[in-house]
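Step one of this worksheet: look at the structure below.
The values are calculated or read from the model by the stated rules, or taken from the named source; none is laboratory data. Note that the coordinates shown come from a computational prediction; the quantities given were computed from them, not determined experimentally. Note that each Cβ is placed from the backbone with ideal geometry, even for glycine, and that neighbours are counted across all protein chains shown.
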Amino acid sequence: MDNEEAARVLTQELIRYRLQTYANLQRLLKDVDAYEVVGPSGAKYQVEIHAVWDDKPNGNLRVMGGIDDGGWRAFVPLTDDFILSPSGEFVDE
């Protein structure tokens, strides 16, 4: 797997989620978005996006994404995340 390409693809996927509202992202607490994307090189990647409460229920929401190529990397995917407050502001880690 090309780690640099995979990281760029994951960043682009997470941008789509950063544009969503706090209320809409809460669905990811129960449902994982899992899908396949094709990178610029033509490589296929599996992406999973889910969320957890960062500290306490109805507080900050941590949205996490993972990406792998379906091979051995699936056991240790590349990951990235962001935290969104209930007011809709991004929280720096």
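Within the range 58-79, residues that are closer than 14 Å to ALA6 by Cβ sit with their Cβ atoms under 9 Å from residues that are surrounded by fewer than 18 Cβ atoms within 10 Å (Cβ to Cβ) and among the small types (Gly, Ala, Ser), at 6+ positions apart or across chains, in these pairs: ILE67/ALA7; ASP68/ALA74; ASP69/ALA43; LEU78/ALA7. The residue that is nearest to GLN26 (Cα to Cα), counting only those in the range 53-74 that are of a type in the set (Asp, Glu) and surrounded by 12 or more Cβ atoms within 10 Å (Cβ to Cβ), is ASP54. Hey, among the residues in the range 48-57 that are in a strand (DSSP E or B) and in contact (Cβ under 8 Å) with a residue 24 or more places away in the chain, which one's nearest to ASP2 (Cα to Cα)? Taking the candidates together, the pick is GLU48.
May I ask you to verify whether GLY42 is more than 16 Å from THR11 (Cα to Cα), surrounded by fewer than 16 Cβ atoms within 10 Å (Cβ to Cβ) and in contact (Cβ under 8 Å) with a residue 60 or more places away in the chain? For GLY42, the condition - more than 16 Å from THR11 (Cα to Cα), surrounded by fewer than 16 Cβ atoms within 10 Å (Cβ to Cβ) and in contact (Cβ under 8 Å) with a residue 60 or more places away in the chain - is not met.
Taken as a whole, the condition of being in contact with a Lys or Arg (Cβ under 8 Å, 6 or more places away or on another chain) and either surrounded by 12 or more Cβ atoms within 10 Å (Cβ to Cβ) or in a helix (DSSP H, G or I) (or both) applies to VAL37. The set of residues from the range 4-52 being more than 18 Å from THR79 (Cβ to Cβ), charged (D, E, K, R) and touching a strand residue (DSSP E or B) at 6+ places or on another chain (Cβ under 6 Å) comprises just one member, LYS44. Mind checking whether some residue in the range 6-20 is assigned to a strand (DSSP E or B) and modelled with pLDDT of 95 or more? No; the residues of the range 6-20 include none that is assigned to a strand (DSSP E or B) and modelled with pLDDT of 95 or more. Looking only at residues that are among the β-branched types (Val, Ile, Thr) and in contact (Cβ under 8 Å) with a residue 24 or more places away in the chain in the range 1-25, which one is surrounded by the most Cβ atoms within 10 Å (Cβ to Cβ)? Checking each candidate, the answer is VAL9.
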